[in-house]
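The values are calculated or read from the model by the stated rules, or taken from the named source; none is laboratory data. The shown structure was predicted, so the numbers you read here are calculated from the model rather than taken from an experiment. In this analysis, Cβ positions are derived from the backbone assuming ideal geometry, glycine residues included, and neighbour counts consider all displayed protein chains.
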């Protein structure tokens, strides 16, 4: 078992590599936080409630020797709704198309049935190299970490495959994040950069804006509405009659919930919660776009949208 720590030698090849890596793991294993830490900016929605990632957000890591494109998939899980099945299909399709797979396992939780379910699926993907990434190492002591590393090594052996690497990281504490990139790069094919320098993601801006609004909307109501919120940006238009040096972008977005009873939870007493959602997400949107924004939010009911194929399509799934 080779567990990498920061002192490992780094190869000094002069070739340029470019390719796709994908982080997998059960919901809430630290995949999005890791993507953001590697890219150095917020591109994936993070939350401490499982299953907040719905779109394949690609974070792009630019280095002199390589371009690493991170594909962030929803967590693979046993589906209970049509939305769940669609998300699982997205995951499997993604796995088949990337150059390297990083399997995220939190250091502070024992390997469970959800992890085994994913590891079994991974074992079936023969040709793609697989790195085990032990996330959230800031939450455990060295003894617990050592035990987790051994258990992960064992898991690969049981299922008949060898991990290309096993790397402990803490995205929050910025420990070994750079090392993880160093280990992913040699597994990419040689080739020129696939995206222009400076691009951090290929997500359409509207999708990213919708995700930022959704993240703000989920804050504080996760227990009541874990994932029955979808956000659609209906319109983005520069405000007319503004001087060139004082632009303003009007963004109109709808928040969809499944039941009328959920409306009050999102809006809050006298509209207070919705106002907070607007203030919080507007700050992130302005940072993302680099321009002042006027954000107009409305809450609408789309009955049982997670189970309805027509509505799933309309809401972008």
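From 100, 71, 39, which residue is buried (at least 19 other Cβ atoms within 10 Å of the Cβ), more than 29 Å from residue 206 (Cβ to Cβ) and at pLDDT 70 or above?
Only one candidate qualifies: 100.
Looking at residue 120, is it part of a helix (DSSP H, G or I), more than 21 Å from the chain's Cα centre (by Cα) and at pLDDT below 95?
Considered against the rule, which asks whether it is part of a helix (DSSP H, G or I), more than 21 Å from the chain's Cα centre (by Cα) and at pLDDT below 95, residue 120 comes out as yes.
Any idea how many residues of the range 83-117 are part of a helix (DSSP H, G or I) and in contact with a strand residue (DSSP E or B) (Cβ under 9 Å, 6 or more places away or on another chain)?
Of the residues in the range 83-117, 5 are part of a helix (DSSP H, G or I) and in contact with a strand residue (DSSP E or B) (Cβ under 9 Å, 6 or more places away or on another chain).
May I ask you to say which residue of 122, 105 is in the same structural domain as residue 35 (by TED's automatic domain parsing) and under 18 Å from residue 32 (Cβ atoms)?
105
Which is closer than 29 Å to residue 304 by Cα, at pLDDT 65 or above and crowded, with 22+ Cβ neighbours inside 10 Å, of 83, 34?
After applying the criteria, what remains is 83.
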